[in-house]
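One structure is given here, and the rest of the page talks about it.
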Amino acid sequence: MTQKKLIIILSFTCTFLLLVYVLSFFSPNGNLNKNITSALVNPKYIEQIVFCRITSPSGNIEFSKESGLWIGRQKDTVFPVAEGFMDSFLKSVCEVRELYIVAENPTEKQLESFNLSYNQSVQVDYMLADKTMCSSLSFGGNNYSGQRIYFYAKPTSFATIDSSVVVYETKDDIFPWLNSSAKHWADMNLIPQTLLGNAKESDIQYLVVSYSKSDFSILPSQNGFFEIVSKLFSLRGGSILPLSATEGAELEATISLETGTGGIATLQLLKKIDETETLFFVVPQITPGVENKAVSSAASACSYSLEISQWTYNALLEEIKPLAY
């Protein structure tokens, strides 16, 4: 092959590759690889959203805003959501951001490649007080960099972005909330602060303890008072379960504490022995005080138990045993 022919072939190859590269930035409809600026959920409705549902391959979970507090529901487990967690989620999806179009009218095979098929995706629905669907989003996997997440929006009357079948990618700050585990969302403290008006240890006026057939009160002036209160405020559950999980368990102790505004937190300490293991539970029951009466309906709706470790169980008993005799 002469040098002239080689130069011609190389020139043709380079021109072809350059043309392919340029065409890769265009699609037949001219929209792919373009970006738009929008929120995932219309920020106008952030204060009006009172219901949220997450549907995922691993399970479903629902949230409702009652008396200003978010309550989670998963089958028979009804629990207070950790303070600020849902508010942070709504703030994130209502934030104006860059959205990048990656597919229009995708085939089922394309949806699968984005982890957006029915059996792969995580769907999140947001509703207003009148049950109107504010937004419905389906989230899939991450892009090659791992920094963006694929999603598409289902048609609603409040949609802020193209509600035809368009797959977008956006920064993945959504992942922490795409979880249908009750434990992930719940306030796992033995004393759920949101239901008790965010009371502090210094707000507790006295304790009432029932243990080993003895009932006794403990005042701040008595030894052991602040140690017990500190333990009650610092300890957390390991799992959250329906009340039915405690069936067959024996009541070992009951600890009640009262705030200066009349709020009462009662914790039942239970032990369950079966053929293979011994389990320990705490069942919280909260009665809001005068200044926090607005959350009474939310508090009464809660029904759950916290499974605790033997270490936590012993830590509680070690504080009240010396005071019972």
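The values are calculated or read from the model by the stated rules, or taken from the named source; none is laboratory data. These numbers were taken from a predicted model, which means no experiment stands behind them. FYI the Cβ positions are ideal-geometry reconstructions off the backbone, even for glycines, and counts take in every protein chain you see. Just the protein is used for accessible areas: all its heavy atoms, side chains included, with ligands, DNA and RNA removed. Shrake-Rupley method; radii C 1.70, N 1.55, O 1.52, S 1.80 Å.
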If TYR313 satisfies every condition in (1) more than 23 Å from LYS200 (Cβ to Cβ); (2) open to solvent by 20 Å² or more (accessible area, probe 1.4 Å); (3) modelled with pLDDT of 85 or more; (4) not basic (Lys, Arg) but one, which is the exception?
-> (2)
Verdict on SER230 being assigned to a loop (DSSP other than H, G, I, E, B) and either open to solvent by 20 Å² or more (accessible area, probe 1.4 Å) or in contact (Cβ under 8 Å) with a residue 12 or more places away in the chain (or both) = no
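Got a sec? Which of GLY197, GLY140 is in contact with a Phe, Trp or Tyr (Cβ under 6 Å, 6 or more places away or on another chain) and farther than 19 Å from TYR45 by Cβ?
GLY140
Mind telling me which of the residues LEU306, LEU267 ends up being within 22 Å of PHE225 (Cα to Cα), at pLDDT 95 or above, in contact with a Pro (Cβ under 9 Å, 6 or more places away or on another chain) and open to solvent by less than 60 Å² (accessible area, probe 1.4 Å)?
LEU267
Within 25 Å of SER67 (Cα to Cα), open to solvent by less than 70 Å² (accessible area, probe 1.4 Å) and modelled with pLDDT of 95 or more: does that describe VAL283?
yes
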Count of residues meeting criterion [on the phi > 0 side of the Ramachandran plot and not basic (Lys, Arg)] in segment 45-103 | 4
Look at segment 233-260 and say how many of its residues are open to solvent by 50 Å² or more (accessible area, probe 1.4 Å), closer than 13 Å to VAL283 by Cβ and of a type in the set (S, T, N, Q).
-> 1
Residues that are free of Cβ contacts under 8 Å to residues at least 40 places away in the same chain and surrounded by 18 or more Cβ atoms within 10 Å (Cβ to Cβ), drawn from segment 171-183 | ASP172
Are any residues in segment 45-63 within 20 Å of LEU243 (Cα to Cα) and not acidic (Asp, Glu), and if so, which ones?
-> GLY59, ASN60, ILE61, PHE63
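Per-residue answers, yes or no, for (1) free of Cβ contacts under 8 Å to residues at least 40 places away in the same chain; (2) in contact with a Leu (Cβ under 7 Å, 6 or more places away or on another chain); (3) open to solvent by less than 50 Å² (accessible area, probe 1.4 Å):
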site	(1), (2), (3)
LYS91	no, no, no
ARG97	no, no, yes
VAL122	no, yes, yes
THR132	yes, no, yes
Please give the helices (runs of 4 or more DSSP H) falling wholly within segment 78-189 in which 2 or more residues are over 22 Å from the mean Cα position of the chain (by Cα) and at pLDDT 90 or above.
-> 108-113
Can you tell me which residues in segment 245-280 are without any contact (Cβ under 8 Å) to a residue 40 or more places away in the chain and part of a strand (DSSP E or B)?
-> GLU250, LEU251, ILE264, THR266, GLN268, LEU270, LYS272, ILE273, THR278, LEU279, PHE280
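Which residues, counting only those in segment 199-227, are part of a helix (DSSP H, G or I) and either open to solvent by less than 40 Å² (accessible area, probe 1.4 Å) or in contact (Cβ under 8 Å) with a residue 24 or more places away in the chain (or both)?
Matches in segment 199-227: GLU201, ASP203, PHE225, PHE226, GLU227.
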Mind checking whether some residue in segment 220-231 is under 23 Å from ALA299 (Cβ atoms) and touching a Pro at 6+ places or on another chain (Cβ under 7 Å)?
-> no
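Going by the structure shown, is LEU195 touching a strand residue (DSSP E or B) at 6+ places or on another chain (Cβ under 9 Å), assigned to a strand (DSSP E or B) and either touching a residue at least 12 places away in the same chain (Cβ under 8 Å) or surrounded by 14 or more Cβ atoms within 10 Å (Cβ to Cβ) (or both)?
So LEU195 fails the test.
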